[in-house]
Amino acid sequence: MVRLFDAQTEASAESRKNGEDGEVMATTKKSSEAKGGGKGLAALVTPSADLAAIVGSEPVPRSEMTKRVWDYIKKNGLQDQTNKRMINADDKLLKIFGGKKQVSMFEMTALVNKHLKA
């Protein structure tokens, strides 16, 4: 399919790109905050002593904390082989999971969050 542009369509597109008076509009680019600044997943969090035994003690963004917990789980083969959504606790994770021997990956996130200070 061939699309034809007439002068009016082209002028309309140009006026959206430029200001109505023909001036080129400045675009604002959001500056990305330094790693660890901000809110939500980017906010720096400090792990409890129990969690620090798994992920380290330095403050990191929440997203990095979650990644480190998953790295620990995979490294130690703690993901249930028959139901991959379940995480089996070892001695260190037992403290994080409140004594539960097995939790779902969704429950794990909530339990880990209890061991974080913003």
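Laboratory data are not the source of any read-out in this text; all were calculated from the coordinates shown. Quantities reported herein were computed from a predicted structural model and do not represent experimental measurements. Heads up, the Cβs are rebuilt from the backbone with ideal geometry, glycines too, and the neighbour counts pull from every protein chain shown.
Spin-label model, residue 49/residue 72: points 7 Å from Cα along the beta carbon direction are separated by 1.5 nm.
Annotation for the stretch 55-99: trypsin sites (Lys or Arg not before Pro) lying in DSSP loop with at most 15 further Cβ atoms inside 10 Å of their Cβ are 84, 85. Under 5 Å between amide hydrogens, built in the peptide plane, is the criterion, and for residue 45 it picks out 60, 62 among residues at least 5 positions away or on other chains. For the stretch 55-116, the convex hull drawn through the C-alpha positions has a volume of 78 cubic angstrom per residue.
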